[in-house]
Amino acid sequence: MKNLKPIYLRIVPILSILLLFGCSKDFLNRPPKDSIVDANFYKTDQEVLASTSLLYNKVWFDYNDKATYNLGDFRAGTAYSAYNDRGNVLFNTTAENGENSASWRAFFIVVGQSNLAINNINTYAGSGVSAKIKNFAIAEARFMRAVAYRYLVMNWGDVPIIQNNLTLLSDTTIQRNTAKSVWKFITNEMRAAANDLPETPIAVGRVTKWSAEAMLARFYLARAGVEAVGGVRNQSFLDSAKYYSDRVIRLSGAALLSDYAKLFTYPYDNNSESLFELQWIFLPGVWGTQNSTQAYLAYSADISEGDGWGGDKGATFWMLSQYEGFLALGDTVLKGRTLDQRLKATFMLPGAYYPEITQTLNGVNQKLIFPNSSGDVSFSSIKKYVCGKAVDLGGQASSQRYPQDTYMMRLAEMYLTYAEAVLGNNASTPDATALAYFNLVHTRAGLAAIAGPLTADIIFKERIIEFSMEGMGWYDLVSLHYYNPAKAYAILNQQDRGLFRVIPDVFPNPTQWTVRKTVWATTDRKINANDGNFLLPIPAAEMSQAPNLRKPPVDYFSK
């Protein structure tokens, strides 16, 4: 019989998420088919750590699979799909949209599994479990729950806060909580996690105090807008964002990679810049532990393992216009080149050379030179998170199964968060530290340092370019929308999301490109973002199963 409970009331049996011994990432090893809700399970430090290790991959799978870029990039206008996922591209995401439902489901699975881990560890952990590991594992689960709720509140606004699924198994009357109280809840949770997480990882890839403090910087920057009055952001929250971002920058030991492209050139997992990653593992025959995103982003099977379904995906015309060096010639043409190394590492232009990716043509392997199209429609295809075939990935790849991790927080974000927190409600800032931090990100991309002062538009543009195709653009727009919705709508509504062709001056080894809008493609170039369609609608299946979600939200802390 079909389970008619809304997803947030269901508990997914954790070891339907089974991994096997022998993984390349030791902390993700799983026990065999014992149920970890069994009171006999939580008897050692190793078993407790195994119980939270799944929170780093399987529970996020439905979001990472396709929803990451559908929501984070397509809705933001940084990338588009010409013929698929059109509801998200055209800002018409419905309650029946597949990626809308997949995201809601994934985030509440993270919440439910985190709740279950906390309950089971508190209930079953035996005397053989050290206080250090017990506190750490609970902090991990609180960290993940808070991160999931950050996505929930930024996509759907008012959502129900669930802390114990076991008490709600027969209850479908739960109401939504106000967005403001959700933000308060997750900030409290992340502060608690920061207190109990170690400064150095227990195992490579496990979250630390610095992962949590980086999230606090992110949370407080957004909350400053949530609690804005008359468009003026909350200064105490801006100060907190500055405080935590600065601590992470100065004390965490994290460091920017010198080469931006190396962030996305395999193997890049858990490098010096990473503060939190989803930890994916290639296991033949096992579904849900791997990174499947490349299957949908790679432009051709020639550079992938029997998938490569991203031939109609790429940068939007608007996104290409953001790169320094591309100049507008009227309204329909961009022309030029850029010194910004992030373009080549994020999107492919005709003639660009990628020696780290093997292309197979007519049975012959060669290093990839992104091809040129003679038609009147072509794409600046997606490079970021496209790392090649099995031969490029140490043999660890097959169709829809890839090993590379997904960044959830990089140090670069802390530099830009600090700069924005210092700017705060001012029109500009000449602050020397903010400018220095900004320029560390800017110059790493191969660009000249800016002399200042910094403005909101400068910082926003830097974030859009730095994190394009990392599922970040949409959430930057939501943060802006909290205190200046008119500006968020204006950015979205002036974007061009239509067809174009990219033309190199010579091929291969071009020195510049012309980006020309396709003359016959005159419809679907612009969207109409407004108060009625900005947030996502709660999935239809959830609304039918839990009709109390239609009721007005209540403050979680007024119980």
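The values are calculated or read from the model by the stated rules, or taken from the named source; none is laboratory data. From a predicted model like this one, the values you see are computed outputs, not experimental measurements. Every residue, glycine as well, gets a Cβ built from its backbone with ideal geometry; the counts of neighbours run over all protein chains shown.
When you scan the stretch 424-432, do you find a residue that is closer than 30 Å to residue 483 by Cβ and surrounded by 24 or more Cβ atoms within 10 Å (Cβ to Cβ), even just one? Checking the stretch 424-432: not a single residue is closer than 30 Å to residue 483 by Cβ and surrounded by 24 or more Cβ atoms within 10 Å (Cβ to Cβ). For residue 359, the conditions (1) closer than 25 Å to residue 291 by Cβ; (2) in contact with a Ser or Thr (Cβ under 6 Å, 6 or more places away or on another chain) are fulfilled apart from (2). For the stretch 116-131, the candidate set comprises residues that are free of Cβ contacts under 8 Å to residues at least 60 places away in the same chain and assigned to a helix (DSSP H, G or I); within that set, the residue that is farthest from residue 63 (Cα to Cα) is 131. Taking (1) of a type outside the set (Lys, Arg); (2) buried (at least 23 other Cβ atoms within 10 Å of the Cβ); (3) in contact with a Ser or Thr (Cβ under 7 Å, 6 or more places away or on another chain) in turn, residue 441 satisfies each apart from (3). Summed over the stretch 391-400, residues that are in a loop (DSSP other than H, G, I, E, B) and in contact (Cβ under 8 Å) with a residue 60 or more places away in the chain total 6. Looking at the structure I just gave you, is residue 166 in a helix (DSSP H, G or I) and at pLDDT below 95? It is true that residue 166 is in a helix (DSSP H, G or I) and at pLDDT below 95. Scanning the stretch 406-415 for any residue that is farther than 30 Å from residue 65 by Cα, at pLDDT 95 or above, under 22 Å from the mean Cα position of the chain (by Cα) and assigned to a helix (DSSP H, G or I) turns up nothing.
Quick grid of which residues meet (1) aromatic (Phe, Trp, Tyr); (2) touching a residue at least 12 places away in the same chain (Cβ under 8 Å); (3) within 13 Å of residue 348 (Cβ to Cβ):
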residue: 373; (1), (2), (3): no, yes, yes
residue: 376; (1), (2), (3): no, yes, no
residue: 382; (1), (2), (3): no, yes, yes
residue: 386; (1), (2), (3): no, yes, yes
residue: 389; (1), (2), (3): no, yes, no
residue: 402; (1), (2), (3): yes, yes, no
residue: 419; (1), (2), (3): no, yes, no
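Residues checked against (1) surrounded by fewer than 20 Cβ atoms within 10 Å (Cβ to Cβ); (2) under 23 Å from the mean Cα position of the chain (by Cα); (3) under 23 Å from residue 135 (Cβ atoms):
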site	(1), (2), (3)
187	no, yes, yes
191	yes, yes, yes
196	yes, no, yes
214	no, yes, yes
218	no, yes, no
267	yes, yes, no
277	no, yes, yes
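Are any residues in the stretch 238-267 of a type in the set (Gly, Ala, Ser), over 27 Å from residue 222 (Cα atoms) and part of a helix (DSSP H, G or I), and if so, which ones? Hit for the stretch 238-267 is 261, nothing else. Check whether at least one residue in the stretch 220-235 is within 19 Å of the chain's Cα centre (by Cα), modelled with pLDDT of 95 or more, surrounded by 22 or more Cβ atoms within 10 Å (Cβ to Cβ) and of a type in the set (D, E, K, R), and report yes or no. Checking the stretch 220-235: at least one residue is within 19 Å of the chain's Cα centre (by Cα), modelled with pLDDT of 95 or more, surrounded by 22 or more Cβ atoms within 10 Å (Cβ to Cβ) and of a type in the set (D, E, K, R).
Could you tell me whether residue 172 is modelled with pLDDT under 95, surrounded by fewer than 20 Cβ atoms within 10 Å (Cβ to Cβ), of a type in the set (S, T, N, Q) and not in a loop (DSSP other than H, G, I, E, B)? For residue 172, the condition - modelled with pLDDT under 95, surrounded by fewer than 20 Cβ atoms within 10 Å (Cβ to Cβ), of a type in the set (S, T, N, Q) and not in a loop (DSSP other than H, G, I, E, B) - is not met. For the stretch 468-485, the set of residues classified as within 14 Å of residue 530 (Cα to Cα) and touching an Asp or Glu at 6+ places or on another chain (Cβ under 9 Å) consists of 482, 485, listed by residue number. Filtered by the rule that a residue be part of a helix (DSSP H, G or I) and not aliphatic (A, V, I, L, M), the stretch 175-202 gives 180, 181, 183, 184, 185, 187, 188, 189, 191, 195, 196.
Here is the figure for the stretch 491-541: residues that are charged (D, E, K, R) and exposed (fewer than 15 other Cβ atoms within 10 Å of the Cβ) total 3. The single condition among (1) surrounded by fewer than 13 Cβ atoms within 10 Å (Cβ to Cβ); (2) over 22 Å from residue 99 (Cβ atoms); (3) of a type outside the set (D, E, K, R) that residue 544 does not satisfy is (2). Checked against the criteria, residue 191 does not count as touching a Ser or Thr at 6+ places or on another chain (Cβ under 7 Å), at pLDDT 95 or above, under 22 Å from residue 162 (Cα atoms) and of a type in the set (Lys, Arg).
Within the stretch 470-493, none of the residues are out of contact with any Lys or Arg (no Cβ under 6 Å at 6 or more places or on another chain), modelled with pLDDT under 95 and at positive phi.
Scanning the stretch 163-174 turns up no residue that is in contact (Cβ under 8 Å) with a residue 60 or more places away in the chain and touching a Phe, Trp or Tyr at 6+ places or on another chain (Cβ under 6 Å). Scanning the stretch 397-418 for residues that are surrounded by 20 or more Cβ atoms within 10 Å (Cβ to Cβ), farther than 30 Å from residue 454 by Cβ and not charged (D, E, K, R) turns up 397, 402, 403, 404. Listed by position, the helices (runs of 4 or more DSSP H) contained in the stretch 438-554 that have at least 2 residues being of a type in the set (A, V, I, L, M, F, W, C) and either more than 30 Å from residue 293 (Cα to Cα) or within 22 Å of the chain's Cα centre (by Cα) (or both) are 456-467, 473-483, 485-493.
Looking for something farther than 18 Å from residue 182 by Cβ, buried (at least 20 other Cβ atoms within 10 Å of the Cβ) and among the charged types (D, E, K, R) - is there at least one such residue anywhere in the stretch 89-97? Scanning the stretch 89-97, I find no residue that is farther than 18 Å from residue 182 by Cβ, buried (at least 20 other Cβ atoms within 10 Å of the Cβ) and among the charged types (D, E, K, R), so the answer is no. Elements of the type strands (runs of 3 or more DSSP E) sitting completely within the stretch 279-375 and holding at least 2 residues that are surrounded by fewer than 23 Cβ atoms within 10 Å (Cβ to Cβ): these cover 326-329, 333-336, 353-361, 364-369. Looking across the stretch 79-100 at every residue that is under 21 Å from residue 299 (Cα atoms) and in a helix (DSSP H, G or I), the one that is nearest to the chain's Cα centre (by Cα) is identified as 99.
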